[in-house]
Amino acid sequence: MVAAGLPSGPELSPEAVAALTLRGLPGVGAARFRGLVDRFGSSRAALEADHADFAEVTGHAAAGRRRSGAPGRRARLTAERCVAAGIGLLVYGDPGYPPALGDLNAPPSLLFALGRTELLRSPGTAIVGSRRATAYGRRVSRRLGARLAGQGRCVVSGMAMGIDAEAHRGALPGPTAAVLGSGVDVVSPPRNERLYREIVERGVVVSEYAPGVRAESHHFPTRNRIIAALAREVVIVEASQRSGALITAGIALDLGREVLAVPGPIDRPTSEGTNRLIADGAGVIVDTGLEDAFVHGAPPPEEPGLRELLEAIPAAPVTVEEVALAAGRPVEEVATSLTVLEIRGYLTPTRDGRVMRTPGRAGILAR
């Protein structure tokens, strides 16, 4: 289902258009795209590079098509579509690109995004599992999502039915990121449209597939590597022995991420994968109410200015002006510092534009 009524956004940068052009060349997948940017410094520089140097990375077919004009025209059409739908692009090599994705051998050349892209640069925890979740699995997933978001962690999942959707629902209205196996303007599955709208409004939806691309089964293993890379740890709630969630767990282990699993009844297919992970040494989720069961502790900000500002913020929501008055600092300076604290998970924005200390983080100030 293609989403309608999305807001229009700013014009895409020349770097984004160059990245779209490179991605449309024959044989230029994620690995070769990375090779181009790492060698030439940016997508634009790669696009303008000498033919022989370019061909060393991509081969002569891509180097020849680069000058044909067709890839550039297609890229501009995609860019226009993104602008009309308010879709942003995060390009490998640009400052806004999520740094955690650089741990992949072949990171996405670019990500299409709707929503708060800064969440992709904050500490995240992935919660994934079976589409055919039990009532127990859905309940645990939602509670874990709520607890993690309350600790300021961005809850990362795939917006699929079952465990994924419940993790997002639990996290809202806190930080959550949905990684799709379709274009970011395609609601998949369609019954998740309301959840999709809420994530776009309060979190972020991302995909490496272009707008309008429908979800296909072969997209999901590729999508799973993004979920694993964005997260500091991956929690598997329910999974059969052939579940795609186990693919995510395997990628996470290869990346050096921590993998944790929720135990389940030994006679249920949805517990076969998670119980096997635990038997093989995965961490065990023992309580959805104890943060130390699944969340790494976080110290206060090291910078004295940020710590003092955080101490001046009460538990109740306040405006930027109120914080500036309490701290005795200029509003512009405070606004910048609050953005840093929010990205790090110490603050949570409210619907009316105010901020409050993230629940569960207040105790760190007393340590």
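The values are calculated or read from the model by the stated rules, or taken from the named source; none is laboratory data. Model, not experiment: these values are computed from the prediction. Cβ atoms come from the backbone with ideal geometry, glycine included; neighbour counts cover every protein chain shown. The protein model used for the area step is the full one, side chains on, heavy atoms only, and it has no ligands, DNA or RNA in it. Shrake-Rupley method; radii C 1.70, N 1.55, O 1.52, S 1.80 Å.
Just a few scattered comments:
Okay, residues lined up against (1) assigned to a helix (DSSP H, G or I); (2) open to solvent by 40 Å² or more (accessible area, probe 1.4 Å); (3) modelled with pLDDT of 70 or more:
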| site | (1), (2), (3) |
| --- | --- |
| L325 | yes, yes, yes |
| L338 | yes, no, yes |
| D352 | no, yes, no |
| M356 | no, yes, yes |
| G360 | no, yes, no |
| G363 | yes, yes, no |
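- Residue within the stretch 59-76 that is out of contact with any helix residue (DSSP H, G or I) (no Cβ under 8 Å at 6 or more places or on another chain), of a type outside the set (D, E), in a loop (DSSP other than H, G, I, E, B) and at pLDDT 90 or above present: no
- Residue list for the stretch 201-224, filter: in contact (Cβ under 8 Å) with a residue 40 or more places away in the chain and either within 14 Å of S157 (Cβ to Cβ) or more than 16 Å from the chain's Cα centre (by Cα) (or both): G203, V204, V205, V206, S207, A210, P211, G212, F220, R223, N224
- Tally of residues being open to solvent by less than 20 Å² (accessible area, probe 1.4 Å), β-branched (V, I, T) and more than 21 Å from H219 (Cα to Cα) across the stretch 105-135: 1
- Top-ranked residue in the stretch 225-244 [being in a helix (DSSP H, G or I) and at pLDDT 90 or above; ranked as surrounded by the fewest Cβ atoms within 10 Å (Cβ to Cβ)]: A229
- The listed residues are G150, G102, G162, G181, and the only one of them that is buried (at least 23 other Cβ atoms within 10 Å of the Cβ) and over 12 Å from the mean Cα position of the chain (by Cα) turns out to be G181.
- Among all residues of the stretch 136-147, there is none that is buried (at least 24 other Cβ atoms within 10 Å of the Cβ), of a type in the set (S, T, N, Q) and either touching a Lys or Arg at 6+ places or on another chain (Cβ under 7 Å) or at positive phi (or both).
- Criterion applied to P95, P26 was being within 20 Å of V205 (Cα to Cα), assigned to a loop (DSSP other than H, G, I, E, B) and out of contact with any Asp or Glu (no Cβ under 9 Å at 6 or more places or on another chain), and the one residue passing it is P95.
- Count of the stretch 82-92 residues, restricted to those that are open to solvent by less than 10 Å² (accessible area, probe 1.4 Å) and part of a loop (DSSP other than H, G, I, E, B), is 1.
- Residues that are not aliphatic (A, V, I, L, M) number at least 2 in the following strands (runs of 3 or more DSSP E) confined to the stretch 100-217: 110-115, 124-128, 154-157.
- Residue count, the stretch 38-58 (criterion: open to solvent by 30 Å² or more (accessible area, probe 1.4 Å) and not in a loop (DSSP other than H, G, I, E, B)): 11
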